[in-house]
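Single-structure report; data block below.
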Amino acid sequence: MWADLRPIGRDATSGGYRRYAWTGADADCRTWFQAQAESRGLTYETDRNGNQWAWQGDPLAGDAVVIGSHLDSVPDGGAFDGPLGVVSSFAALDELRHRGVEFTRPLAITNFGDEEGARFGLACVGSRLAAGQLTPEKAYELRDGDGISLPQAMEAAGYDPSTIGADPERLARIGAFVELHVEQGRALDLTGDAVGLASAIWPHGRWRYDFHGEANHAGTTRLVDRRDPMLTYAETVLAARREAELAGAVATFGKISVEPNGVNAIPSLVRGWLDSRAADQSTLDQVIAGIEAAAQEAASRSGIDLKVVRESFTPVVEFEHALRDEMARVLGDGIPVLGTGAGHDAGILSARIPTAMLFVRNPTGVSHSPAEYAAEDDCVAGVRALADVTEGLACA
Ligand code: HGY
Ligand code: MN
Ligand code: MN
């Protein structure tokens, strides 16, 4: 499975993945998923929001155990973030069939669409729509960098965008969702464990900063006559680092767009996207307020007009203790229980159904990079752990 998936959407130059929602690479990943489902005799379906489901047992019976993750990536992402969870879910089912267990609950394997939000800027679109945390109206407003809307992109990919929206009946038929994911950090490497359990997801969000200045000639405009938004942007990036350090949080300006983006032109507009996360809400609020205050002060000093828009936000997620503790009993009480700053579909869905996460050791902790890696032995340990917890949940 891994070898079949590996080449899809991989850029030969960077070695990173470019599997963005509703693009050709995404379509190829979806084709791969459907083939894996059908080769196992699973009932394949795509839900109203474009999430893929592979069912064993009656999808309408209720109290289903669902395992899975996502197949899309960030720009030049790694091979494991998302796909490890989906491949491990099919492999865990193979393992349970090999064990000859008898399933007493329906089982589904899922691929949630557009988890990374790389193309339209909002993370977890497929699960947010299903959970009713993103309205169709808001989804219709999403645009990619070329101005293509989410519905246009879905239509071009052969999906009907008119049906997107909350899917309470589907979620009501799920008793538990367990997402296996490569760890995005080094806690397991430090404890020496191949597999860990998730305790919580930090609150996190994305804010767009628009710095409006005045376009002018880079060669003939005196410094004192400039209203250069790039300077204010730069001061804001440094302020973000300072505020995060002071609060023990994280803040990243990882994406920027400049207009007119000419080497010899002072920009008229600089747009920067801030990703910030903290262990608790009040700390995050403090960091965000500090960054915005510093940006406003720098902007007023330089005659720049600043507009800040919160583009997405996910409150803290505490994974349900009963499910987590049941999994700890199956896997052994010594299994590490870790918090994470990374968002996941399991986090979004936890508002509607009991969810849990398994992490697989990432020796360097690097993620959202072509360098992301997990050792095969640890991946196999992850499959075994997922099979064990799935057996505990779905079998006699
Ligand atoms: O951004 C995140 O935390 C996740 O990888 N979508
Ligand atoms: Mn990710
Ligand atoms: Mn992920």
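The values are calculated or read from the model by the stated rules, or taken from the named source; none is laboratory data. These numbers were taken from a predicted model, which means no experiment stands behind them. Every residue, glycine among them, receives a Cβ derived from its backbone with ideal geometry; neighbour counts consider all protein chains shown. Keep in mind that these areas ignore ligands, DNA and RNA; they rest on the heavy atoms of the full protein, side chains included. Shrake-Rupley method; radii C 1.70, N 1.55, O 1.52, S 1.80 Å.
Descriptive notes on the structure:
- Failed condition for S88, given (1) of a type in the set (S, T, N, Q); (2) out of contact with any Cys (no Cβ under 9 Å at 6 or more places or on another chain); (3) under 19 Å from H344 (Cβ atoms): (2)
- Unmet requirement for Y17, which otherwise passes all of (1) open to solvent by 10 Å² or more (accessible area, probe 1.4 Å); (2) within 20 Å of the chain's Cα centre (by Cα); (3) among the aromatic types (F, W, Y): (1)
- For segment 364-383, residues that are over 22 Å from P75 (Cα atoms) and either touching a helix residue (DSSP H, G or I) at 6+ places or on another chain (Cβ under 7 Å) or not charged (D, E, K, R) (or both) total 6.
- The set of residues in segment 317-344 being in a loop (DSSP other than H, G, I, E, B), out of contact with any Leu (no Cβ under 9 Å at 6 or more places or on another chain) and within 16 Å of ligand 1 (Cβ to nearest atom) consists of G341, A342, G343, H344.
- Answer from L93, L180, L150 - the residue that is open to solvent by less than 10 Å² (accessible area, probe 1.4 Å) and more than 20 Å from the chain's Cα centre (by Cα): L93
- The residues of segment 32-57 that are open to solvent by 20 Å² or more (accessible area, probe 1.4 Å) and under 18 Å from D160 (Cβ atoms), listed by number, are Q34, Y44, E45, T46, R48.
- Single condition G100 does not satisfy, out of (1) at positive phi; (2) open to solvent by less than 10 Å² (accessible area, probe 1.4 Å); (3) of a type outside the set (A, V, I, L, M, F, W, C): (2)
- Among the residues of segment 80-123, the ones that are more than 16 Å from ligand 2 (Cβ to nearest atom) and farther than 22 Å from T43 by Cα come to 0 in all.
- Condition met for A108 (within 19 Å of Q34 (Cβ to Cβ) and open to solvent by less than 10 Å² (accessible area, probe 1.4 Å)): yes
- Of the strands (runs of 3 or more DSSP E) lying entirely inside segment 1-106, those carrying at least 3 residues that are hydroxyl-bearing (S, T, Y) are 43-46.
- Cβ-Cβ distances below 9 Å connect the following pairs, each with a first residue in segment 255-276 that is on the phi > 0 side of the Ramachandran plot, a second residue that is open to solvent by less than 30 Å² (accessible area, probe 1.4 Å), and a separation of six or more residues or different chains: N261/P267.
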